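Below: one structure, written as structure tokens.
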Amino acid sequence: MLDNLIDVLPLLMAATLAVFLFAGFPVALTLAAVGFAFALLGNAFDLFPVVALFNLPLRMYANLGENLIYPAVPMLLFMGIALERSGIARELLACLALMLRRLPGSLAIAVVVIGVILAPSAGLIGASVATLALIALPTMLAQGYQAPLASGSVAAAGTLGLIFPPGLMLFFLADHMDVQLGYMFLATVVPGLVLAVLYVVYLLVRTAIDPSAAPRVTETEPIPALRFAIYVVRSLALPLLLVFLVLGSIVAGLATPTQSSSVGAAGAILLMVLNRSLSFRLFREIVEATALMTAMVFLIVMAATVFSYVFIYLDGSSVVTDAIDGLGLGRWGTLLFILGMIFVMGFFIDWIEITVIVLPIVSPALAALDFSDYIGVPGLSMLWIAVLVALNLQASFLTPPFGFALFFLKGAAPPEVRLEQVYRGVVPFVALQIAGMALVLVFPLLATWLPVSALGSP
């Protein structure tokens, strides 16, 4: 009976967590409560000694204090929030719309490009989607864009930054999937650009077929060349340079993630000085928002440590791995099964919870999958799978009816935008997401070529 309980208890623990999360209880409190509850339950059956709980502070310190990635979180969040709240993101939109004004659907295309540029601000889906909705959606609707096309492009662009470096999600994926951060950064660049190109091509074709869906921007008065050049440098080139410095310093090995993120935060302050938006009040708002988001992220990480420690102590990783192996799906079936499970979970919870809860549970099963013969380069299986997980999470947040990003978009959108219009607008972009995932699945070179070319084989 005890042997059966050892196998059942971790599965019951995971099921209990899922029920409470889907019921809408706070994530961090649920993680910690379920962890402690099953620690006591395990103790009742002599499967978990109470003294083992004294290891939790040491594990939390090891996760947060001795990790090179987590200390970068506050500075990255500061950088993204500063770019959003200082008006720099709004200037970016105006600059890109001006540069692309001769293209059909120029505002929608500009929004997609902003989604790529503002990757650091894509740390939290709600913040990035809501921000783009506030700065872009009213302008697009005022210029005659159809609500489904406008809302769909904003939702897709708001999640696009998730997979572009130095997006915060990549730091967490690299840590939990045991992938070098430089490789993780470079591996998502080409797939992300493929997705962005697919989005832009769709917008061009859609607006060419139906010009009424996205009326052209009214021609403005000519701007003197020197004034226009200064405007482009201040509004576009400098934010791009800042993102490049953060990314390049990590990839080139010139700085640790913490150091490069600090440079990014300092650069964001400098940009606020240059666009004359820096004030004590704004700086205080950015610091307070950064502190709140950082506290939320770290609280979830600490609570996840409680849950994962008890789960692993109860031999949950082996139970899950054996259960997945017992399905007899083979390596391809196992990979698709886990990706599908993550896809569905993305309907209900944010990527932070998925990476700190689900990945530690399934990563042993993923690590056992060797696709070296398929990829053609030894040691890159986990990197390729990590890119698929990133694309998968991004797609799940867009998928109706429960896509996480859609509700944030509706909450930030003008009242006349209906949820049904948002659903209709994102369907083509979800299809493009799935097509992008399929391309990376069929052509792994899209994920492995750039990191191997730049950094060599691991």
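The values are calculated or read from the model by the stated rules, or taken from the named source; none is laboratory data. Keep in mind it's a predicted model, so treat the numbers as computed, not measured. No Cβ is skipped: glycine too gets one built from the backbone with ideal geometry, and neighbour counts run over all protein chains shown. Please note that ligands, DNA and RNA were not included when accessible areas were found on the heavy atoms of the full protein model with its side chains. Shrake-Rupley method; radii C 1.70, N 1.55, O 1.52, S 1.80 Å.
The 3J(HN,Hα) values that the Karplus relation (6.51, -1.76, 1.60; θ = phi - 60°) gives for region 49-59 are, in residue order, x, 4, 4, 5, 5, 5, 7, 4, x, 5, 5 Hz. Gly and Pro appear as x. Dipole of the chain computed with +1 at Lys/Arg Cβ and -1 at Asp/Glu Cβ about the Cα centre; of 258, 172, 212, farthest Cα towards the positive end is 212. Using a Förster distance of 41 angstrom, determine the FRET efficiency expected from the C-beta separation of residue 336 and residue 210, and round it to 0.05. The value I calculate is 0.70.
Cβ-Cβ distance of residue 44 and residue 270, R₀ of 45 Å, FRET efficiency by 1/(1 + (r/R0)^6): the value works out to about 0.20. Within the accessible area of the chain, the carbon and sulfur atoms contribute 71%, probe 1.4 Å, all protein chains present. Packing order of peptides 39-52, 416-429, 104-117, 300-313, highest average first: 104-117, 300-313, 416-429, 39-52 (average count of other Cβ atoms within 10 Å over each peptide's residues).
Rolling a 1.4 Å probe across the protein heavy atoms gives the chain an accessible surface of 41 Å² per residue. The distance between label points at residue 277 and residue 434 comes to 3.8 nm (points 7 Å beyond Cα on the Cα→Cβ vector).
For the chain, the mean residue ellipticity at 222 nm estimated from helices alone is -23000 deg cm²/dmol, where every DSSP H run of n ≥ 4 contributes -39500 (n - 2.57) and the total is divided by all residues, rounded to the nearest 500. You can think of it this way: the chain between residue 315 and residue 327 has 2.4 nm of extra reach, that is 0.36 nm per residue less the Cα-Cα gap. Extending 7 Å from the Cα toward the beta-carbon at both residue 238 and residue 37 defines two label points whose distance is 5.2 nm. Around the Cα centre of the chain, unit charges on the Cβ atoms of Lys, Arg, Asp and Glu (plus for the first two, minus for the last two) sum to a dipole of about 1720 debye. With the whole protein complex present, residue 261 retains an accessible surface near 0 Å², based on a 1.4 Å probe.
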